[in-house]
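Undergrad: Below you'll find the structure I mean.
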Amino acid sequence: ESGWSYPYVFKYIDTTGTSESADGTVDVGIIGQKRGESIVFRFPSLVFDPDKATFTQLAPSVIERNSIIISKLIKTLAQYPDYHITIEGHANNVGKMLGYSKAKIESEEKAEVLPLSIARAETIKAVLVANGIPAGSISTKGFGSSQPVYSFTDVQNRWKNRRVEVVLTRK
């Protein structure tokens, strides 16, 4: 995933039984994917406070990782001055995970999930603008839970539906 850190442990045992090991992390940079004429950067690794559009109530290590990801994003976006930036917010709908009725899912989507996804996109826009990206070159959209990348029943991966995507299109 774009901006993610993956831990590793290497262990070596020679024929005499002597062993050595090393561990660390592999940090992934910002990964862009072509979508038609656009370039898309997907960030499920950017973590927000639960049910909020802020980063303030997280563990210090998570806040630090978010800062690193955003710094990498800012440096990357500076390389695309001739592009318009659209920040797309996406979220999970608990009702879809727990099998709520269609009416309850739609109510939750309208009242909570869609506004949350918009607010998260706006938060990222504010951070980019505060760091020198021109506000006029950025727009935001919220998609709620309408564009999942994993099934809501996939317990291992559904968290990746809570994400921000940054879409670049040539001006």
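Undergrad: Got at least one residue in segment 71-93 being charged (D, E, K, R), in contact (Cβ under 8 Å) with a residue 40 or more places away in the chain, open to solvent by 40 Å² or more (accessible area, probe 1.4 Å) and closer than 23 Å to residue 148 by Cβ?
TA: Looking for residues that are charged (D, E, K, R), in contact (Cβ under 8 Å) with a residue 40 or more places away in the chain, open to solvent by 40 Å² or more (accessible area, probe 1.4 Å) and closer than 23 Å to residue 148 by Cβ, one finds none in segment 71-93, hence no.
Undergrad: Right, here's the next one. Which ranges mark the strands (runs of 3 or more DSSP E) fully within segment 11-53 that have 3 or more residues being within 18 Å of the chain's Cα centre (by Cα) and over 28 Å from residue 171 (Cβ atoms)?
TA: Counting at least 3 such residues, we get no strands (runs of 3 or more DSSP E) at all.
Undergrad: Can you tell me which condition residue 115 does not meet? The list is (1) under 23 Å from residue 129 (Cβ atoms); (2) of a type outside the set (Lys, Arg); (3) in a strand (DSSP E or B), and all the others hold.
TA: Against the list (1) under 23 Å from residue 129 (Cβ atoms); (2) of a type outside the set (Lys, Arg); (3) in a strand (DSSP E or B), residue 115 comes up short only on (3).
Undergrad: Here's a follow-up. If you scan segment 128-145, which residues turn out to be modelled with pLDDT under 95 and under 16 Å from the mean Cα position of the chain (by Cα)?
TA: Those that are modelled with pLDDT under 95 and under 16 Å from the mean Cα position of the chain (by Cα): 144, 145.
Undergrad: Are any residues in segment 124-149 of a type in the set (S, T, N, Q), in a loop (DSSP other than H, G, I, E, B) and open to solvent by less than 40 Å² (accessible area, probe 1.4 Å), and if so, which ones?
TA: Within segment 124-149, just 145 meets the criteria.
Undergrad: Consider residue 63 against the criteria (1) more than 13 Å from the chain's Cα centre (by Cα); (2) part of a helix (DSSP H, G or I); (3) touching a residue at least 40 places away in the same chain (Cβ under 8 Å): it satisfies all of them except one. Which criterion is unmet?
TA: Single failed check for residue 63: (3).
Undergrad: Just the residues that are in contact (Cβ under 8 Å) with a residue 24 or more places away in the chain, closer than 13 Å to residue 97 by Cα and of a type outside the set (Lys, Arg), please, taken from segment 147-171.
TA: Result: 148, 152, 153, 159, 161.
Undergrad: Quick one: how many residues across segment 70-95 are in a helix (DSSP H, G or I), among the β-branched types (Val, Ile, Thr) and modelled with pLDDT of 90 or more? I'd like the intermediate steps shown before the answer.
TA: Within segment 70-95, the subset in a helix (DSSP H, G or I) is 70-77, 94-95.
Checking which are among the β-branched types (Val, Ile, Thr) leaves us with 70, 74, 76, 94.
Okay, now just the ones that are also modelled with pLDDT of 90 or more, so 70, 74, 76.
Result for segment 70-95: 3.
Undergrad: Restricting attention to segment 43-67, report how many residues are out of contact with any strand residue (DSSP E or B) (no Cβ under 8 Å at 6 or more places or on another chain), of a type outside the set (Gly, Ala, Ser) and open to solvent by 50 Å² or more (accessible area, probe 1.4 Å).
TA: Of the residues in that region, 9 qualify.
Undergrad: Based on what the data block shows, is residue 107 small (Gly, Ala, Ser) and under 21 Å from residue 157 (Cα atoms)?
TA: Here the answer is no, as residue 107 does not meet what is asked.
The values are calculated or read from the model by the stated rules, or taken from the named source; none is laboratory data. Remember, it's a predicted structure, so these values are computed and weren't measured experimentally. FYI the Cβ positions are ideal-geometry reconstructions off the backbone, even for glycines, and counts take in every protein chain you see. To get the accessible areas, we keep the full protein, side chains included, count just its heavy atoms, and leave off ligands, DNA and RNA. Shrake-Rupley method; radii C 1.70, N 1.55, O 1.52, S 1.80 Å.
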